[in-house]
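Quick note: the coordinates plus some simple rules give every number you see, no bench work behind them. Just so you know, these numbers come straight off a predicted model, no measurement behind them. Because the Cβ atoms are built from the backbone with ideal geometry, glycine has one as well, and the counts that use them run over all protein chains shown.
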Amino acid sequence: MSEEVVTSEISADLDQVVGLMQQHGIRRIPLSRPVGLVTFDDLVVDSSLSLETLRGIVTAQLEVEAPHKPAGMLHPSAGMTAQSRTRALMRAKARAEATYGRMLQAMADATGLERNSAERALLIACCMLCRRLAPGEAQHLIAQLPSLLQQQLDQCADGPDRAVSTEAIEDKLSRSLGLAPESASEILRAICRVIAENVSEGQIQEVRGQLPDEMKALFPITA
C-alpha cells in the first residue's frame, strides 16, 4: 500500500480511478472531499469494468512491496488468485441478485402488483418500519434482508420516528402507488408477511417488541 493518502477528484471518470488503483496498488480511493470511497468491490458489483481490467487492478496490488515481499514479486499462484477472486465476486453478485429477485417475486405474488410497483411498495414499507424502530434494532432487521435491499435501506435506521404508524405507511403506499386505502392496507400486510418469511422468527419478535400496540398486528404471532 502507498504511504500517502491517495484521493480521487469527484469528477474523475472510471479510467482515472482504475489508473490510480493500478498505479498505487490499492482497491479503495477516498474522494477529494469526505463524501465516500470508490472501492474495487463497488466496481465489480456495478459491472462497470471488464474482467481483464479488474484482474489488472488486483495484480497491481499484489505487486506492491509489503513486509517479507519485495516490490514486483507475486505469489506463484497470484495470477490465478486474482482471477479467482474476481470470479468469486461475480458469483457473489449473481447470488445476491437471485436472492433479491426471489423476494421481489414473492412480493409480486403476495400483493398482485407488477414487479416494479412491488419493489417500490417493499422499499416504502421497509424504510418506514425501520424508522419506527430504534437504530440498533433497525440495523439488525436490515442485516437479515437480502444484501441488495440492505443497500437501499442504509438511511432508514435513524429512528425511532413515532410519527410512523400503520395509517402513515398505508397513506404513503396509497399516494405513491395510486392505491385505494383498502388496497394499501391489504398490500401492507402482504409486505409484512413477506418480510417475516425472509428473516428469523426471533428477529420478528424483537421488532414486535418495539412497535406500538396498533402496529403489532402487522406481524401476528404464529403458533
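Things to note:
- The simple Förster model, with R0 at 22 Å and r as the Cβ-Cβ distance, assigns Lys216 and Asp171 a FRET efficiency of 0.70.
- Proxy reagent accessibility, fewest Cβ within 10 Å first, across Ser47, Ser185: Ser47, Ser185
- Electrostatic bookkeeping for Leu141 treats Lys and Arg as +1 and Asp and Glu as -1; over the other residues with beta carbon under 14 Å from its beta carbon, the sum is -3.
- Compared with the direct C-alpha span, the chain from Asp109 to Met90 gains 4.0 nm at full extension, assuming 0.36 nm per residue.
- Taking Lys and Arg as +1 and Asp and Glu as -1, the other residues whose beta-carbon sits under 15 Å from that of Ala190 total -3.
- The calculated FRET efficiency for the pair Thr99 and Ala143, based on their C-beta separation and a Förster distance of 22 Å, comes to about 0.95.
- Inter-label distance, nm, simple model (7 Å from Cα along the C-beta direction), Asp13/Glu206: 4.6 nm
- Subtracting the Cα-Cα distance of Gln155 and Thr53 from 0.36 nm times their residue separation leaves 33.5 nm of extension gain.
- Principal axis dimensions, largest first and in whole angstrom, of the stretch 97-216 by Cα: 33, 32, 24
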